[in-house]
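Here's the structure, in structure tokens; my notes come after.
Just so it is clear, none of the values below were taken in a lab; they were calculated from the coordinates. In this text, all values refer to a predicted model and were calculated from it rather than measured experimentally. Cβ sites come from the backbone with ideal geometry, for glycine too, and all protein chains shown count toward neighbours.
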Amino acid sequence: MRKTLIIGATSAIAQATARLFAEAGDALFLVARNADKLAATADDLKQRGASTVHTATLDVLDYDQHKSVIDAAIEALVGLDLVLIAHGTLPDQKACEQSFELTRKEFEINALSTISLLTHLANHFERQGQGTIAVISSVAGDRGRQSNYVYGSAKGAVTIYLQGLRNRLYKSGVSVLSVKPGFVDTPMTTAFDKGAMWASPEQIALVVTKAIRKGKDVVYAPWFWRSIMLAIRSIPEFLFKTLRL
């Protein structure tokens, strides 16, 4: 029985992934901000086969509570094998361009809060000598673009942090997985027109669970985003800066 902590458990990708964990019989500890949504998610996962489901509410910007929530999960599950971090927001780029305060808040939600949580989790897994850390980043972090560079820079910071963490924890037998979704049809993206390149949370969940099972380091979701982002990263800066991306 795998012991799994999910932070941001009410996000669309986390919920879809948690359903697969539940069907596999995982013991789950769910963390999210909204207590009502968290309770509904927990009830659903119990019905889907999770061996146990514990919950805790957390505002990820309340850094002082990070360690205590992680400790509560370890105590309730009597150990920890896997953590999935899947919280985040999609900033209004234009509004952020006019407000450093808004930019700072979005950067804290999408980067610094994750880094804080990972600091505590990495130390636990390093002492333990085994386990898996999986974090939802984004293809947006692969290169800064005028349309979403506040979000992209936050996700880029997470991606680079995970690279270093992976390098650090390898010798301890701990896997660190960076998940880079492209366009995903979630409540966060309801205002966007959808096309063929958009994926469902369920599709992303399948990619995540497969990557965890295979011990992958980095996975693009869906797979074709690897080639797309390779092409975008290869555009010379003198040309890239003239494009509307």
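Among bridges DSSP assigns within region 3-240, what percent are antiparallel (round to 5)? Please list the in-between numbers first.
Numbers: 0 of 30 bridges.
If we restrict to bridges inside region 3-240, about 0 percent are antiparallel.
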Whole-Å distance linking the alpha carbon centroid of region 80-109 with that of region 172-245 is 17 Å
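I'd like to verify something in the chain: which complete DSSP H helices, judged by Cα projection on the helix axis, reach 30 Å or more and average at least 1.6 on the Kyte-Doolittle scale?
Working: long enough: none.
Counting only whole DSSP H runs, no helix qualifies.
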Sort Leu5, Leu230, Leu20 so that the residue with the fewest other Cβ atoms within 10 Å of its own Cβ comes first and the one with the most comes last. Leu230, Leu20, Leu5
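Taking a cut-off of 13 Å, what percent of all Cα-Cα pairs in region 29-81 are separated by more than that?
Working: 814 of 1378 pairs.
For region 29-81, the share of Cα pairs beyond 13 Å comes to 59 percent.
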Would you be so kind as to identify which of Leu230, Leu165, Phe100 lies farthest towards the positive end of the dipole of the chain, taking Lys and Arg as +1 and Asp and Glu as -1 on Cβ and the Cα centre as origin? Leu230
When you have a sec, figure out the Kirkwood radius of region 3-240 from all distinct Cα pair distances and drop it here in Å to one decimal? 18.1 Å
Based on Cβ point charges of +1 for Lys and Arg and -1 for Asp and Glu, what charge dipole magnitude is obtained for the chain about its Cα centre, in debye rounded to the nearest 20? 920 debye
Give or take rounding to whole Å, what are the principal axis extents of the alpha carbon atoms in region 1-107, in descending order? 49, 26, 23
